[in-house]
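The values are calculated or read from the model by the stated rules, or taken from the named source; none is laboratory data. Because the structure is predicted, anything quoted here is derived from the model rather than measured. A quick note on method: Cβ atoms are made from the backbone with ideal geometry, for glycine too, and the neighbour counts reach across all protein chains shown. Side chains are part of the model used for accessible areas, which takes the heavy atoms of the whole protein and leaves out ligands, DNA and RNA. Shrake-Rupley method; radii C 1.70, N 1.55, O 1.52, S 1.80 Å.
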Amino acid sequence: MDEKIMKNIKKYGFGLFTFVLIAIGFLIVINGVENGVNSANEYLSTSMGGSMDTDSFLVIKQGYILSNFIFGGILLLVGLSFFCMYLYKFLKEMDVWDE
């Protein structure tokens, strides 16, 4: 019984992992602007004592937003790539492409 459970975990665990990566990446991209603005506001209040010129703040805010988009995009791309590999392997094991 244990061998069968472990085999199923190996078989479907990677697919579940890819869905988790895709979901986290998608959520980070969707909430990238809001999280970037919140991070910039937190930086302003903690590191700068609440005072900074507008141009510098806008540059920092855009940097935080961009970093959220890049990180979310990387997670999304890796998750989708792994999912494609998993789907190919899964369908190959099911003999879908055999004639």
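Quick one: if the Förster radius is 25 Å, what FRET efficiency do Asn8 and Leu91 give, using the C-beta to C-beta distance and rounding to 0.05?
Details: r = 17 Å, r/R0 = 0.70.
According to the calculation, E is roughly 0.90.
Explain nothing, just compute: Karplus ³J(HN,Hα) = 6.51 cos²θ - 1.76 cosθ + 1.60, θ = phi - 60°, for every residue of the stretch 7-20 in order, whole Hz, x for Gly and Pro.
Result, ordered by residue: 5, 5, 5, 5, 5, 9, x, 5, x, 5, 4, 5, 5, 5 Hz.
If I fit a long axis through the Cα atoms of helix 54-93 and take the longest principal axis of the Cα atoms of the chain, what angle between them do I get, 0 to 90°, rounded to 10?
For 54-93 against the chain, the angle is about 0 degrees.
If you roll a 1.4 angstrom probe over the protein chains with everything in place, what fraction of the accessible area of the chain belongs to carbon and sulfur, to the nearest %?
Details: 4960 of 7500 Å².
Ligands and nucleic acids excluded, carbon and sulfur give 66 percent.
Per DSSP helix of 4 or more residues, -39500 (n - 2.57); summed, then divided by the residues of the chain. What does that give at 222 nm, rounded to the nearest 500?
Numbers: 3 runs with 85 residues, N = 99.
It lands at -31000 deg cm²/dmol.
From the Cα gyration tensor of the chain, with a ≥ b ≥ c the square roots of its eigenvalues, which class applies: rounded if a/c is under 1.5, or else prolate if a/b is larger than b/c, or else oblate? Intermediate values should be presented prior to the final figure.
Working: a/c = 6.57, a/b = 2.96, b/c = 2.22.
Prolate, because a/c is 1.5 or more and a/b exceeds b/c.
Given an 8 Å cut-off on Cα distances and at least 6 residues of separation, report the relative contact order of the chain as a percent.
Details: 74 pairs, mean separation 41.0, N = 99.
Computed over the chain, the figure is 41 percent.
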